[in-house]
Amino acid sequence: MHRGLYGRQRSAGELRAEAAAAMAQAAPMLDRDSRAHAALAAFAALAADTGRRGLAAPWQQLTLPLKARATWKACIADVLTMHGKVDPSHLQRLTSLLQQYLAAACAAARFGAIERLFSLWHVAHLPLVVILVLTALFHVLAVHMY
């Protein structure tokens, strides 16, 4: 996957590092024993599983952004119920960090699926190259025989 107009490629490690950095900043803002931590851990496991399974789980790939949105809503609701009144700047910062984390986790899962798809390209490409070479040889041979 390319990042921006200049063709710099992203790596799966870079996407995971973005997600980990956002989570590291958001974690101190959440209570350790809250439902938000449980929801984020469940989402992280789901995203990792989806990325690992690749395109074998197309339904998971399609529903992962919806589950990310539901996780975000659950985290914000948990923060609001646990703390009552929350400083708006604190809530805005937490919201931004959670969105960054969830977006990076979804991107990493998509990247894993795309990477797996393109790693299988040689399975289709190699037989086509062999057929092309054999056809070209047969064609040259047939032209010179007749």
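Values in this text are rule-based calculations from the coordinates and carry no lab data. Model, not experiment: these values are computed from the prediction. Cβ coordinates were reconstructed from backbone atoms using ideal geometry, including for glycine residues, and neighbour counts include every protein chain displayed.
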Sorting Thr95, Thr135, Thr50, Thr71 on the 10 Å Cβ count, fewest up front, what's the list?
Thr135, Thr95, Thr71, Thr50
Can you list the HN-Hα couplings for the range 132-137, worked out from phi with the Karplus curve (6.51, -1.76, 1.60; θ = phi - 60°), rounded to whole Hz and with x for Gly and Pro?
5, 5, 4, 5, 5, 4
Work out the FRET efficiency for Leu134 and Ser96 from their Cβ-Cβ distance, taking R0 = 35 Å, and round it to the nearest 0.05.
0.05
Charge sum, other residues only, whose C-beta stays under 13 Å from Ala77's C-beta, Lys/Arg counted +1 and Asp/Glu -1
+2
Residues Leu134, Leu97, sorted so that the one with the fewest Cβ neighbours within 10 Å comes first
Leu134, Leu97
